[in-house]
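This report refers to the structure that appears directly beneath it.
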Amino acid sequence: MNIYGISAESPLAQQISVWSKEQKGVREYRGVPALITARFSEAYLMQKGSEENFRPYLLLVGAVRSAKFAEDAPKMPYGIDGVTFGTSGTEIIYRYQFSDDELKELVDKGYFSTTPPDVPSIFTGASFEELPMPIDRLLILPPDAAKEYDGDNPPLVVVDFGDLTNCVTDQVESGYRLGSYFEPSPAFVKNAAPIHNEVEEVVEAEPPEEMFSLDEEPETDKQVEERLYEATVAKRTVEPVAEADEEETSEKTPEELAAQKLAEERRRKKAAADRLAEELATAKPEPVVEEEPLAPDDGYI
């Protein structure tokens with residue numbers, strides 16, 4: 001049976017605690033294992049101090065709406081197996097510790113970017129069920145100490161969770177993997193998309209057919225130089241021939257033919273004069289032989 005519970009923080013619970021000392025049949029339990037249902041109104045992505053390398057965690061602020069006793073809890077009187085609180089509930093501050101895998105997932109979603117991912121809105125709207133939370137002190141007062149509970153008048157149940165401002169849990173203990181609820185940062189995805197597309201284009205682009213050939217081996221540097229040299233020589237040889245052919249095929253007047261013939265004759269004469277001057281410049285002079293003077297003719301033989 002699930003019954004209405006009174007939070008130990010309320011003024012009514014304090015009065016009941018004082019009054020219960022004079023009543024008979026009061027049951028008191030300590031450290032009762034329980035699973036709570038909480039609804040959070042605020043959620044923040046926080047970081048620890050430098051002593052823990054600024055490890056991020058999720059801070060949840062809300063209220064405990066209900067609690068049911070765990071299987072290893074002692075059997076409660078009157079068939080009570082859980083309690084439900086009012087609409088306000090009991091205030092609770094929960095710290096969810098991300099696992100290493102969850103932290104890696106957050107980094108991939110842009111946690112260390114200039115605009116980290118937003119805290120999902122689902123954290124402040126949905127109820128988280130079966131979160132482990134032991135009850136520090138449980139007080140059950142019968143409706144009438146003279147007789148057992150008959151179902152007409154319910155017993156009074158006071159629940160004291162102790163300090164609910166520093167509750168810590170994680171994926172293993174809570175059964176929730178809250179890191180997976182985060183969406184990638186829109187700004188992080190926008191900035192990363194062009195880089196991702198550019199890489200895909202470079203990888204998927206096919207090289208031109210003339211760049212590589214599976215049937216031919218790539219040329220060496222020497223082969224490339226020889227090919228370029230042959231192409232240059234061929235170009236220099238073809239151009240004058242093409243010009244000469246063009247001149248021969250073109251029609252010329254008699255005056256132009258005579259001028260051309262005269263110019264060619266002058267070029268030949270100049271070339272011959274240049275060769276003669278070169279030969280004279282390089283020729284060695286013959287040695288001069290001095291002849292002995294003849295003896296004077298004295299008239300005698």
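Please treat every number below as a calculation from the coordinates, not as lab data. Keep in mind it's a predicted model, so treat the numbers as computed, not measured. With ideal geometry, Cβ positions are generated from the backbone for all residues, glycine too; neighbour counts draw on all protein chains shown.
Can you tell me the FRET efficiency between R266 and E230 if r is taken as the Cβ-Cβ distance and R0 is 30 Å, rounded to the nearest 0.05? Given R0 = 30 Å and the Cβ-Cβ separation, E is 0.25.
If you take every residue apart from E102 with its C-beta less than 12 Å away from the C-beta of E102, what net charge results, scoring Lys and Arg +1 and Asp and Glu -1?
Values: positive: R55, K104, K109, R177; negative: D100, D101, E105, D108, D170.
Computed value for this residue: -1.
If a spin label sat at a point 7 angstrom from the Cα of S127 along the line to its beta carbon, the backbone N atoms of the range 32-68 nearer than 18 Å would be those of 34-42, 61-68.
With the cut-off at 28 Å, tell me which of the pairs K68/K104; K48/K68; K48/K104 have Cα atoms farther apart than that. Violating the 28 Å Cα-Cα cut-off are K68/K104; K48/K68.
Give me the number: length gained by fully extending N153 to T165, i.e. 0.36 nm times residue separation minus the C-alpha to C-alpha distance, one decimal in nm. Kindly include the intermediate steps, with their values, before the conclusion.
Working: separation 12, 0.36 × 12 = 4.32 nm, distance 3.39 nm.
That pair, N153 and T165, stretches by 0.9 nm at full extension.
Applying Stokes-Einstein at 4 °C and 1.567 mPa s to the Kirkwood radius of the range 2-183, computed over alpha-carbon pairs, gives a translational diffusion coefficient of 71 µm² s⁻¹.
Where in the range 171-187 is the amide nitrogen less than 14 Å from a point lying 7 Å along the Cα-to-Cβ axis of T114? Inside the label zone: 186-187.
Taking only the C-alpha atoms of the range 43-139, Rg followed by Dmax gives 17.6, 57 Å. Label-to-label distance, N2 versus I93, with points set 7 angstrom from Cα along the beta-carbon direction: 2.9 nm.
Around Y111, under 15 Å between beta carbons, what's the net of Lys plus Arg minus Asp minus Glu among the other residues? Intermediate values should be presented prior to the final figure.
Numbers: positive: K48, R55, K104, K109; negative: D100, D101, E102, E105, D108, D118, E183.
It works out to a net charge of -3.
Computed from label points 7 Å out along Cα-Cβ, the spacing between S10 and D100 is 4.6 nm.
Between L45 and V18, the simple spin-label model (points 7 angstrom out along Cα→Cβ) gives 4.9 nm.
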